[in-house]
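The values are calculated or read from the model by the stated rules, or taken from the named source; none is laboratory data. In this text the structure is predicted, and so the values were computed from the model without any measurement. Here the Cβ is made from the backbone with ideal geometry for all residues, glycine too, and neighbour counts use every protein chain on show.
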Amino acid sequence: MVLFHYFLTTYLQFPLVQGGIFIMTGDVLPCFDASTMILPDNSGCIITVPITLDVAANHGVVVASNEGTIGDNYSLCYVENLLQKPTLEVLKKGNAILPDGRTLLDTGIIAAKGKAWAELVKIACSSSQTMICELVNSQNEMSLYEELVSAWVPAKHEWLRSRPLGEKLISALGKQRMFSFCAFELSFLHFGTSSEVLDHLGGHNSALVARRHLCSMSETTSCDIAASAVILSSKIAPGVCIGEDCLVYNSTLSGRVLIGSQSIVVGLDITCKKKQAEVDNPFLFALPDRHCLWEIPLIGSLGKIVVYCGLHDNPKVSVENGGTFGGKPWKKVLHCLHIQENDLWSSVGNQEKCLWNAKLFPILSLSDMLNISMWLTCSTTPNCENILSLWRSSHRSSLEDLHRLIDFSLLCNQSSNHQADLATEIARACLTYGLLGRNLSQLCEEILQKGTSGKEICKEFLAICPVRQDQTHGILPQSRAYQMQADLLRACGDDSNSCILEQKVLTAVATETASAVNYGVEGDSSGFQQIRSLSEQRMNPKSNFHPKRAHIELPVRVDFVGGWSDTPPWSLERQGCVLNMAINLEDSLPIGTVIETTKSLGVLIMDDCEKQIFIEDVLSISAPFDKDDQFRLVKAALLVTGIVHHEILSNSGLKIQTWARVPRGSGLGTSSILAAAVVKGLLHLIEGDESNENVAKTVLVLEQVMGTGGGWQDQIGGLYPGIKCTYSFPVQPLRLQVIPLVASPELVLELEQRLVVVFTGKVRLANQVLQKVVTRYLRHDNLLIESIKRLATLAKLGRETLMNGDIDELGDIMLEAWQLHQELDPFCSNKLVDRLFAFAEAYCCGYKLVGAGGGGFALLLAKDAVYAQNLKQALKEFSDPDVKVYNWKICLS
């Protein structure tokens, strides 16, 4: 997900009802719940957050009125002034320091509503072109952010009048006021300096950073690349050295290039030629430690320019105030390089001399610019006189000049083409040599940035697929091969055939699941429990009818953590682990079936909604089933147990009655547990293997045959009593290990007293989510894989927590699991669920939805038994009447 997607997600939560604008500017990445904002009518509003004074010195600060609205998590006050990177003295003088010693950070998040919005639209529609032409003709600049906001703040009007177009902005927008919405719980990352970027990549959350992405790299024996270096969208050839904690982005590096530690390189394209390799200098190019370098395209026919500085240089600090270049004081730099001040700065005007306006960077050939960069950064010494002469005679620009000269359109196009070329190389290698271990769908998105030529590349890859499948037959799962083809077909614009292949993906997963548990889905002799053909048995019927009956009742299950790790194809390829619990609802076992033989042939199926179907010829039952077939669960059970071919049906029929006294789409594993009850009952009639393990595996196959998909945790949760931690191991056949938690009476009582089981009133079918998760897994979606790994780990930790009797810690695990579920599926929550959890938060130490989420039942783990009782009472007054608290007990037998 790119940064824009994050901004868009935040924007969509923003409460702008009657038209408005939401601008996220500057260099702050915020994290807060925008849906909770209170935005006054007919005004602008700026999001702020309290920060310490040392942080404020490098940011914009908002001075808010002492009067306003104060809530639990926010304050809403008029903006009295805006300060830019204020010193302590300025903060004191401007009354910007809060009573707790902090001040308000200007986050760069701005909203306008009502008349403020209307006036902004008016000036944009009526005057924007004229204003832009005026800026261009006068060669002036204005900050959309700073000038725009100042128009709504009277204290800034005097300053704004001195700025380009200031009078027009005040006249057009100055009638409305600006508010500060201070979000107390907002957190943010600041990307204002290169040093801060490296700090974020190497800080306490560095384990979350992907250090290699969309990069082509040589083997480790011909490069020296530090493990801590972050290399993104780059091609690294043999002979390159990259130091620790570096960031290399959108670059091509080859042939004796050395990048020092804690350095940043962006957009650099160095390709070594053979004749260059013969030069005596051990390095074609070297960048010292703690430096930054960018190669940037310029407008018109100016070509490119290479820009560089020290990691900690501040471009706006003057020579007199201790400004630096390359981490060294300017006076030392000038002395060492034999450069005069008038080489860099004009004597005309009163502008301070600093890196920002130093005419430092020449526009020459790439090799000359790189040589000069090494000379200016003191990373080389040969031919200094020649380099100095070349530098003095060249046309040079400052950072201030480049601010106007960068060709941003070309910069974006070159970056897109570079990433598309890298994606093409990676995808080709993946298809030619590998086992589809990359996210091919994501690579195709990058390749398609090349337009028509990108689509032709995808068609070329599509032609490779049949050959690759033949080469990897027996190694590469068929589901992955189909997914590869489906993604390539979609990239080629063939959506109809891609949809056909996506259905084959799900069928392949079903077949692979059946194979993993020693069942077939074709009904052949190696699969279902087939004895002799039923038609043959009917030719030789037994004389006597023997009545048989099976009555099966089962609990439902609630899952604490680990769901998704039980689901094929994950559980067929990786270890799974789930912590769940069997419970009774309203003092009863809510799921069950009664199956009995009848003297008349055929099968009668009845459900608890008084619907029924009679199947005269059981051999007519076959997969695939219509998704609207209300009896497909029982039909699939008849298939996978093999009873349709069993001799019991040669002289008798079946009457099957089922019930599930829980809401549909409850998230309690209802359909899987009902399937387990039916399978167990059918196997009992034919004296088959009705052990819990065999039934659980059979239901796993049944759900694939049904077309709904699903894992093993639901049926395990209902078949085995109490609390248990279940592992699955990807061997042939699939092995399940159920480890019961021997809970003390005290733990059972405390859990029953503190855990509140609530029906949200909303339902959602898990298979709608399941197909998306399966697709993402087959595509090697890294975020999904890491999230499910963590869920399985949390299940193991949850087991230990319960064994130690630490229910509070279980609450923390539930909260993290809920966060991970939302990463896996953004729609697993909704406004009702969010309101419910916000309502219950003061009473709870943990909460989550059971199952796949999106609705159904919720688990609310109260802080203690008293809090639980108070929560149950409070929920009676909850705003949604469909929310209902259920009585429950752990099913221990």
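Kindly provide the set of residues from the range 410-450 that are among the small types (Gly, Ala, Ser) and either at pLDDT 90 or above or crowded, with 19+ Cβ neighbours inside 10 Å (or both), ordered by number. Answer for the range 410-450, where residues must be among the small types (Gly, Ala, Ser) and either at pLDDT 90 or above or crowded, with 19+ Cβ neighbours inside 10 Å (or both): Ser415, Ser416, Ala420, Ala423, Ala427, Ser441.
Note on the range 792-805: among residues that are within 22 Å of the chain's Cα centre (by Cα) and of a type in the set (A, V, I, L, M), the one that is surrounded by the most Cβ atoms within 10 Å (Cβ to Cβ) is Ala795.
Looking only at the range 806-829, filter to residues that are polar (S, T, N, Q) and assigned to a helix (DSSP H, G or I); which one of those is farthest from the chain's Cα centre (by Cα)? Looking at the filtered set, the residue picked out is Gln819. Counting the residues of the range 836-871 that are over 26 Å from the mean Cα position of the chain (by Cα) and not acidic (Asp, Glu) gives 15. Take Glu841 and decide whether it is among the acidic types (Asp, Glu), out of contact with any helix residue (DSSP H, G or I) (no Cβ under 8 Å at 6 or more places or on another chain) and outside any helix (DSSP H, G or I). Against the criterion (among the acidic types (Asp, Glu), out of contact with any helix residue (DSSP H, G or I) (no Cβ under 8 Å at 6 or more places or on another chain) and outside any helix (DSSP H, G or I)), Glu841 does not qualify. Within the range 357-369, is there a residue that is in contact with a helix residue (DSSP H, G or I) (Cβ under 6 Å, 6 or more places away or on another chain), free of Cβ contacts under 8 Å to residues at least 24 places away in the same chain and in the same structural domain as Arg290 (by TED's automatic domain parsing)? Scanning the range 357-369 turns up no residue that is in contact with a helix residue (DSSP H, G or I) (Cβ under 6 Å, 6 or more places away or on another chain), free of Cβ contacts under 8 Å to residues at least 24 places away in the same chain and in the same structural domain as Arg290 (by TED's automatic domain parsing). Selection of the range 722-762 for residues being out of contact with any Asp or Glu (no Cβ under 9 Å at 6 or more places or on another chain) and in a helix (DSSP H, G or I) yields Pro745, Glu746, Leu747, Val748, Leu749, Leu751, Glu752. Selection of the range 456-486 for residues being over 20 Å from Pro568 (Cα atoms) and touching a residue at least 24 places away in the same chain (Cβ under 8 Å) yields Ile457, Cys458, Lys459, Phe461, Leu462, Ile464, Cys465, Arg468, Thr472. Please go through the range 796-805 and give me each residue that is outside any helix (DSSP H, G or I) and over 19 Å from Cys844 (Cα atoms), ordered by number. Within the range 796-805, just Asn804 meets the criteria. Do any strands (runs of 3 or more DSSP E) entirely within the range 103-194 hold 2 or more residues that are assigned by TED's automatic domain parsing to the domain that holds Cys77, farther than 23 Å from Pro86 by Cα and touching a Leu at 6+ places or on another chain (Cβ under 9 Å), and if so, which? Of the strands (runs of 3 or more DSSP E) lying wholly inside the range 103-194, those with at least 2 residues that are assigned by TED's automatic domain parsing to the domain that holds Cys77, farther than 23 Å from Pro86 by Cα and touching a Leu at 6+ places or on another chain (Cβ under 9 Å) span 103-113. Answer yes if at least one residue in the range 345-367 is more than 46 Å from the chain's Cα centre (by Cα) and closer than 30 Å to Arg256 by Cβ, and no otherwise. Within the range 345-367 (the criterion being more than 46 Å from the chain's Cα centre (by Cα) and closer than 30 Å to Arg256 by Cβ), the answer is no, since none of the residues qualifies. Could you tell me whether any residue of the range 84-101 is modelled with pLDDT under 85, assigned by TED's automatic domain parsing to the domain that holds Pro30 and assigned to a strand (DSSP E or B)? Scanning the range 84-101, I find no residue that is modelled with pLDDT under 85, assigned by TED's automatic domain parsing to the domain that holds Pro30 and assigned to a strand (DSSP E or B), so the answer is no. Of all residues in the range 749-762, those that are assigned by TED's automatic domain parsing to the domain that holds Asn870 and in contact (Cβ under 8 Å) with a residue 24 or more places away in the chain have Cβ atoms under 7 Å from Cβ atoms of residues that are assigned to a helix (DSSP H, G or I) and among the β-branched types (Val, Ile, Thr), 6 or more apart or on another chain, in Glu750/Ile807; Leu751/Ile807; Arg754/Ile807; Thr760/Val833.
Of the residues that make up the range 665-674, is at least one out of contact with any Lys or Arg (no Cβ under 9 Å at 6 or more places or on another chain), surrounded by fewer than 24 Cβ atoms within 10 Å (Cβ to Cβ) and under 13 Å from Val640 (Cβ atoms)? There is no residue in the range 665-674 that is out of contact with any Lys or Arg (no Cβ under 9 Å at 6 or more places or on another chain), surrounded by fewer than 24 Cβ atoms within 10 Å (Cβ to Cβ) and under 13 Å from Val640 (Cβ atoms). Evaluated against (1) outside any helix (DSSP H, G or I); (2) surrounded by fewer than 23 Cβ atoms within 10 Å (Cβ to Cβ); (3) under 38 Å from the mean Cα position of the chain (by Cα), Lys655 falls short on exactly one condition, (3).
Among the residues of the range 713-755, those identified as of a type in the set (Lys, Arg) and either more than 19 Å from Ser571 (Cα to Cα) or surrounded by 15 or more Cβ atoms within 10 Å (Cβ to Cβ) (or both) are Lys724, Arg754. Scanning the range 416-455 for residues that are on the phi > 0 side of the Ramachandran plot and either in a helix (DSSP H, G or I) or free of Cβ contacts under 8 Å to residues at least 24 places away in the same chain (or both) yields a count of 1. Among the residues of the range 212-224, those that are part of a loop (DSSP other than H, G, I, E, B) and either modelled with pLDDT of 80 or more or not assigned by TED's automatic domain parsing to the domain that holds Leu253 (or both) comprise Leu214, Cys215, Cys223. Residues being under 27 Å from Ala420 (Cβ atoms), surrounded by 16 or more Cβ atoms within 10 Å (Cβ to Cβ) and hydroxyl-bearing (Ser, Thr, Tyr) are represented in the range 188-207 by at least one member. Residue count for the range 838-847 under the criterion of being surrounded by fewer than 19 Cβ atoms within 10 Å (Cβ to Cβ) and within 19 Å of Leu820 (Cβ to Cβ): the result is 1.
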